[in-house]
Amino acid sequence: MSKSADLRLVAVFEAAKGILVFATACAIFKFIHANVQETAEQLVRHFHLNPASHYPRIFLEIASNLDDTRLLALGFGALAYAVVRLVEAYGLWYGKQWAWIFGLISAGLYIPIEIFELAKRINWAEAVLFLANVMILVILLRGRPR
């Protein structure tokens, strides 16, 4: 693949993350003035999860502590993250130097955290995230725009 095609591949990946987080922000805003705890309990029942097991219990505990202020903060934080990812995707798609630098920094910031998490406990999800960020860094380093 050419350098510009590689950068566009990363741009599509970043745009997909931005769109996914934007959709998540929209969903968060729908829960303002709603009974989040009841909805969380319905989800756990719908998927036939044991509410006493580890992850469902964490999910239900978080849901019980969400009020409108926290939901607004989460929603606006998700919106900000989505805008940053979409702006980066735009810049990478059009081969902008600033987007390339930003991409290197943002992907590079996750590497030490992911190494720390993998050192604590290796699991496939952490390994996939680590490898994805390493691949993005390699693609960005090889595809420096002119």
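Derivation of every value follows stated rules applied to the coordinates shown; laboratory data play no part. Being a predicted model, the structure only gives us computed values, none of them experimental. Glycine also receives a Cβ, built like all others from the backbone with ideal geometry; neighbour counts cover every protein chain displayed.
Given R0 = 35 Å, the distance between the Cβ atoms of Leu43 and Val128 translates into a calculated FRET efficiency of 0.90.
Here the stretch 20-57 and the stretch 97-146 have alpha carbon centers that stand 29 Å from each other. Were the residues from Trp98 through Lys120 laid out at 0.36 nm apart, the gain over their Cα-Cα distance would be 4.5 nm. For the chain, the mean residue ellipticity at 222 nm estimated from helices alone is -28000 deg cm²/dmol, where every DSSP H run of n ≥ 4 contributes -39500 (n - 2.57) and the total is divided by all residues, rounded to the nearest 500. Of the chymotrypsin sites (Phe, Trp or Tyr not before Pro) found in the stretch 65-140, those that fall in a DSSP loop while having at most 13 other beta-carbon atoms within 10 Å are Tyr94.
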